[in-house]
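Notes for the one structure printed next.
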Amino acid sequence: MIKNSSLKAVITNAAGAIAILIFGKTIDLAITICSNTLENKGWTFTIAVMGIILFIAIVLRLWNWWMLRSRRKSWIEHRNAEPVKGLIAAVSLGKGETAAETAIKLHTPKLQHCWLLVTKQADDNYQKIYRCYSKYDPWDETQGPRYPSDDGHPIEIHKREIDNPNDIDNVFNVMKGIYREAVDFGISEQDILCDYTGATASVSAAMILVTALSENRNLQYLMPNEVDENGRAKSEKGSTPLLIDFVMPGE
């Protein structure tokens, strides 16, 4: 779709140039016809011909203006993310709370479906998330609330195994399948965030590429509220979820 957007831009530019050329030729033709008809047909016929030519010229000019206005432009912006119904995240390695779990906690008030990209090495962290959020029982006193004012609504955790995180093509196809599945659950693209905070470089690239296929898809990044002298996030200081909204139709 990115290539199609580039092709569309080329066609739009060409169409605009053709419209301007036709507009110029129409004016030249109008002058020639008016000179000839004035000599042979008189003023009445000349005015009628001029009116028709003027109408055609105005239509062409308006069409060119509309084509220029409808052309998509590249832009990017970020703002604080609000809870959504669908979340996509990658489960990272390491002990403690992973970025995927942090992202889930931030969206739990509205979250209904969460797709997690999991490698074999990160399966233990995935199981921890699954037990805590998908198997949550509000009547089980051994389980604490998942978030403040937890209403106990179910959250479906969908595991997507990634055999080779360096295989961008495979991750890309897995991601496309997730967006298709979300439609079956009645979740629109605008109500899904793709969090790439805990992903490897290759997985992050695949996430961004799939998100770029539609201007209705958005990314999320957990920006640390504070970092140490080495630039590493201080987990105890928390993070702020940023929604990254962008359109990349091509140059």
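Pairs only if they're at least six apart or on different chains, beta carbon under 9 angstrom, first in the range 222-235 and more than 11 Å from Ala99 (Cβ to Cβ) and outside the structural domain of Ser204 (by TED's automatic domain parsing), second outside any loop (DSSP other than H, G, I, E, B) and modelled with pLDDT under 75; list them, first residue then second.
none
Can you confirm whether Leu111 is within 24 Å of Ser239 (Cβ to Cβ), part of a loop (DSSP other than H, G, I, E, B) and more than 24 Å from the chain's Cα centre (by Cα)?
Spelling it out, it is not the case that Leu111 is within 24 Å of Ser239 (Cβ to Cβ), part of a loop (DSSP other than H, G, I, E, B) and more than 24 Å from the chain's Cα centre (by Cα).
From the set of residues in the range 202-223 that are closer than 19 Å to Asn125 by Cβ and more than 16 Å from the chain's Cα centre (by Cα), which is surrounded by the most Cβ atoms within 10 Å (Cβ to Cβ)?
Val203
I need a count of the residues in the range 146-176 that are among the polar types (S, T, N, Q) and either surrounded by 13 or more Cβ atoms within 10 Å (Cβ to Cβ) or assigned to a helix (DSSP H, G or I) (or both).
Number of matching residues: 2.
Of all residues in the range 123-145, which are touching a helix residue (DSSP H, G or I) at 6+ places or on another chain (Cβ under 9 Å) and either surrounded by 19 or more Cβ atoms within 10 Å (Cβ to Cβ) or aromatic (Phe, Trp, Tyr) (or both)?
Residues satisfying the conditions are Asn125, Tyr126, Ile129, Tyr133.
Consider Glu181 against the criteria (1) outside any loop (DSSP other than H, G, I, E, B); (2) at pLDDT below 90; (3) more than 15 Å from the chain's Cα centre (by Cα); (4) of a type in the set (D, E, K, R): it satisfies all of them except one. Which criterion is unmet?
With (1) outside any loop (DSSP other than H, G, I, E, B); (2) at pLDDT below 90; (3) more than 15 Å from the chain's Cα centre (by Cα); (4) of a type in the set (D, E, K, R) applied to Glu181, the lone miss is (2).
I'd like the full set of residues that are in contact with a strand residue (DSSP E or B) (Cβ under 9 Å, 6 or more places away or on another chain) and either of a type in the set (Val, Ile, Thr) or farther than 16 Å from Leu219 by Cβ (or both), limited to the range 163-182.
Pro165, Val171, Val174, Gly177, Ile178, Glu181
Report whether or not Gly231 is out of contact with any Gly (no Cβ under 8 Å at 6 or more places or on another chain), over 21 Å from Tyr126 (Cα atoms) and not in a strand (DSSP E or B).
So Gly231 fits the description; yes.
Do we find that Gly198 is outside any strand (DSSP E or B) and within 22 Å of Glu97 (Cβ to Cβ) in this structure? Break it down into steps so the answer makes sense when it comes.
On the way: outside any strand (DSSP E or B): yes; within 22 Å of Glu97 (Cβ to Cβ): yes.
Answer is yes for this residue.
The values are calculated or read from the model by the stated rules, or taken from the named source; none is laboratory data. Remember, it's a predicted structure, so these values are computed and weren't measured experimentally. Because the Cβ atoms are built from the backbone with ideal geometry, glycine has one as well, and the counts that use them run over all protein chains shown.
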